[in-house]
């Protein structure tokens, strides 16, 4: 997650001449980098990773990226200010899910929405994107969604022990790291396809 989020920070810097979604992608990358770096540093020095870094990375950054993908798939071009308001809305959704103890469902919904939007962006014949690269990014996104769904099922009190064992084998951080890589690759492929048109 750290490497991909650093890649996002370098690639999607919000400048005056770029579309507004760059700022949302940059903000998400910043939130995920904060969590991944603090988590990595806890292995080197005695540091307890901050609770809010994880909450913001998991439940604000990934849903915000889902909205970015949806906007790109439906060809909506919103300014930077609109993305700030969308982030506030995402924080409101996070708060509701936290109060109702349904945060796992928020992650699964974000992953499924992201997978749908990736398919819509990359598998469009008019996009001019290489079908092999599109299928690879989509496969990684779907695989990540399955891992997140498995974690959601295994967190249930009455969960099957098989689901719990499988969830232990596939950490949630791995799923989110793969999903982040698929999302960032989708952004890059779309940008390359637009520059060749």
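Brief remarks follow.
- Any hit, region 29-42, residues being out of contact with any strand residue (DSSP E or B) (no Cβ under 6 Å at 6 or more places or on another chain), over 17 Å from residue 6 (Cβ atoms) and either assigned to a helix (DSSP H, G or I) or at pLDDT 95 or above (or both): yes
- Meets criteria (on the phi > 0 side of the Ramachandran plot and exposed (fewer than 15 other Cβ atoms within 10 Å of the Cβ)) for residue 101: yes
- Qualifying residue in region 63-76 (condition: surrounded by 22 or more Cβ atoms within 10 Å (Cβ to Cβ), modelled with pLDDT under 95 and touching a helix residue (DSSP H, G or I) at 6+ places or on another chain (Cβ under 7 Å)): no
- Residue tally, condition without any contact (Cβ under 8 Å) to a residue 12 or more places away in the chain and in contact with a helix residue (DSSP H, G or I) (Cβ under 8 Å, 6 or more places away or on another chain), over region 85-97: 0
- Just one of the listed residues (34, 38, 42) is surrounded by fewer than 22 Cβ atoms within 10 Å (Cβ to Cβ), in contact with a helix residue (DSSP H, G or I) (Cβ under 6 Å, 6 or more places away or on another chain) and over 23 Å from residue 88 (Cβ atoms), and it is 38.
- Meets criteria (assigned to a helix (DSSP H, G or I), buried (at least 17 other Cβ atoms within 10 Å of the Cβ), in contact (Cβ under 8 Å) with a residue 12 or more places away in the chain and out of contact with any strand residue (DSSP E or B) (no Cβ under 7 Å at 6 or more places or on another chain)) for residue 106: yes
- Restricting region 1-19 to residues that are under 17 Å from residue 185 (Cβ atoms) and in a loop (DSSP other than H, G, I, E, B), the residue that is nearest to the chain's Cα centre (by Cα): 1
- Just one of the numbered conditions (1) touching a helix residue (DSSP H, G or I) at 6+ places or on another chain (Cβ under 9 Å); (2) under 30 Å from residue 127 (Cα atoms); (3) not in a helix (DSSP H, G or I) is not true of residue 47: (2).
The values are calculated or read from the model by the stated rules, or taken from the named source; none is laboratory data. None of the values given here were measured: they were computed from a predicted structure. Glycine also receives a Cβ, built like all others from the backbone with ideal geometry; neighbour counts cover every protein chain displayed.
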